[in-house]
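The values are calculated or read from the model by the stated rules, or taken from the named source; none is laboratory data. Treat the numbers as computed from the prediction; the structure is a model and nothing was measured. Here the Cβ positions follow ideal geometry from the backbone for every residue, glycine too, while neighbour counts run over all protein chains shown.
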Amino acid sequence: MADTNESSAPTDHHNEVAAEAHVNEENSRPGGHRHIRSFVLRQGHLSVAQKRAVDALMPRYGIPYQPGQLALDSAFGRNAPKILEIGFGMGGATAEIAQAHPETDYLALEVHTPGVGNLLKLIDEQALNNIRIIQHDAVEVLRDMIADGSLDGVHIFFPDPWHKARHNKRRLIQGPFIAKLVQKLKPGGYIHAATDWQDYAEQMLAVLSAEPQLQNTAADYAPRPAYRPLTKFEQRGIKLGHGVWDLVFKRCGAGK
Ligand SMILES: C[S@@+](CC[C@H](N)C(=O)[O-])C[C@H]1O[C@@H](n2cnc3c(N)ncnc32)[C@H](O)[C@@H]1O
């Protein structure tokens with residue numbers, strides 16, 4: 001997780017502890033669980049400012065989850081390139097990228113309320129009009145709301161690494177999920193993932209390389225694209241010799 005200390009965003013450790021309790025619960029739902037979730041919802045501290053932002057701004061910048069396809073251009077009020085971000089955390093990178101690229105629209109997904117409140121606050125402070133938020137599980141948003149061939153790109157920055165082997169099944173980047181994600185991309189659209197956990201980086205490289213409709217833009221890991229801001233967490237990590245791996249794959253054009 002990038003910037004865990006600064007952001008008070010969830011930690012993988014907390015997720016993993018909570019996951020122990022939730023795995024059985026998911027598995028014992030009537031009718032069986034639909035999918036293993038890549039997150040565990042925790043209470044988390046919601047600051048007064050974040051709560052105020054949720055109450056005042058979610059009606060304007062939020063899109064409620066609904067089991068029906070979303071008209072993306074209508075949601076943003078214009079025809080412009082559309083990037084989906086999955087798991088924006090506290091939204092710092094989302095706001096920075098959106099501010100630097102006013103010509104592009106960003107549909108940002110997160111389940112964690114303090115993060116949603118924080119990004120809404122940034123949207124308001126920076127008068128950003130090119131971000132919309134859906135507070136819901138990305139797996140269901142993709143399945144139910146996003147039309148095939150409608151996205152120009154997808155950002156998945158520092159997804160929960162689920163360090164322990166018995167929790168690896170909760171990792172978001174796995175073959176079936178990537179196959180669904182690819183369907184949502186326009187030909188030539190990209191998936192950009194980043195992680196600071198080597199084992200997950202290797203899994204990402206294997207999974208993305210195995211998807212026949214994707215082409216790696218690099219030999220293996222890609223240089224960090226200029227649009228992805230270097231977080232304080234990464235700057236500290238780089239000084240300590242820790243790695244960060246970016247992966248950028250493109251959907252092949254029609255025919256492959
Ligand atoms: C480790 S944090 C990284 C946050 C941010 N991208 C960053 O770089 O700081 C991963 C985030 O993904 C969110 N997340 C995990 N699975 C998700 C899902 N299926 N749908 C939406 N958000 C999800 C978590 O709530 C968490 O905030």
Quiz prompt | Residue ranges of helices (runs of 4 or more DSSP H) in segment 147-256 with at least 3 members over 30 Å from Ala71 (Cα atoms) | solution = 198-210, 232-239
Quiz prompt | segment 186-210: number of residues that are at pLDDT 95 or above and of a type in the set (Phe, Trp, Tyr) | solution = 2
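Name the one entry in Gln183, Gln174, Gln213 that is modelled with pLDDT of 95 or more and under 16 Å from His35 (Cβ atoms). First the steps, then the outcome.
Details: Gln183 fails: under 16 Å from His35 (Cβ atoms); Gln213 fails: under 16 Å from His35 (Cβ atoms).
Gln174 is the lone residue from the list that is modelled with pLDDT of 95 or more and under 16 Å from His35 (Cβ atoms).
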Exercise. Return a yes/no flag: does segment 66-86 have any residue that is of a type in the set (Asp, Glu) and within 13 Å of Asn118 (Cα to Cα).
Key: no
Quiz item: What is the residue count in segment 66-92 for residues that are within 12 Å of the ligand (Cβ to nearest atom) and under 18 Å from Ala127 (Cβ atoms)?
Solution: 2
Exercise. Report yes if Asp152 is in contact with a Pro (Cβ under 7 Å, 6 or more places away or on another chain), among the acidic types (Asp, Glu) and surrounded by fewer than 21 Cβ atoms within 10 Å (Cβ to Cβ), otherwise no.
Key: yes
Quiz item: Out of segment 170-183, which residues are touching a helix residue (DSSP H, G or I) at 6+ places or on another chain (Cβ under 9 Å) and either in contact (Cβ under 8 Å) with a residue 40 or more places away in the chain or among the basic types (Lys, Arg) (or both)?
Solution: Arg170, Arg171, Leu172, Lys180
Exercise. Spot the failing condition for Pro225; the list is (1) in contact with a His (Cβ under 7 Å, 6 or more places away or on another chain); (2) buried (at least 16 other Cβ atoms within 10 Å of the Cβ), and only one is missed.
Key: (2)
Quiz item: Regarding His163, is this residue within 16 Å of the ligand (Cβ to nearest atom), buried (at least 20 other Cβ atoms within 10 Å of the Cβ) and touching a residue at least 12 places away in the same chain (Cβ under 8 Å)?
Solution: no
Quiz item: Mind checking whether some residue in segment 230-246 is in contact with a strand residue (DSSP E or B) (Cβ under 8 Å, 6 or more places away or on another chain), farther than 22 Å from Arg143 by Cβ and of a type in the set (Gly, Ala, Ser)?
Solution: no
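Per-residue answers, yes or no, for (1) in contact (Cβ under 8 Å) with a residue 12 or more places away in the chain; (2) closer than 20 Å to Gly153 by Cβ:
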site	(1), (2)
Leu185	yes, yes
Glu202	no, no
Leu208	yes, yes
Gly237	yes, no
Trp245	yes, yes
Quiz item: Mind checking which residues of segment 34-60 are out of contact with any Pro (no Cβ under 8 Å at 6 or more places or on another chain) and not hydrophobic (A, V, I, L, M, F, W, C)?
Solution: Arg34, His35, Arg37, Gln43, Lys51, Arg52, Asp55, Pro59, Arg60
Exercise. Go through segment 166-205 and give me each residue that's within 12 Å of the ligand (Cβ to nearest atom), over 26 Å from Ile146 (Cα atoms) and among the charged types (D, E, K, R).
Key: Asp196
Exercise. Those residues that are away from the ligand (no atom under 12 Å from the Cβ) and crowded, with 19+ Cβ neighbours inside 10 Å, I need them from segment 108-127; list them, please.
Key: Gly117, Leu120, Lys121, Leu122, Ile123
Quiz item: What number goes with the only condition from (1) surrounded by fewer than 19 Cβ atoms within 10 Å (Cβ to Cβ); (2) in contact with a helix residue (DSSP H, G or I) (Cβ under 6 Å, 6 or more places away or on another chain) that Ala71 does not pass?
Solution: (2)
Exercise. State all residues of segment 228-256 that are surrounded by 12 or more Cβ atoms within 10 Å (Cβ to Cβ), within 20 Å of Leu185 (Cβ to Cβ) and not aliphatic (A, V, I, L, M); if no residue qualifies, say none.
Key: Arg228, Asp246, Phe249, Lys250, Arg251, Cys252
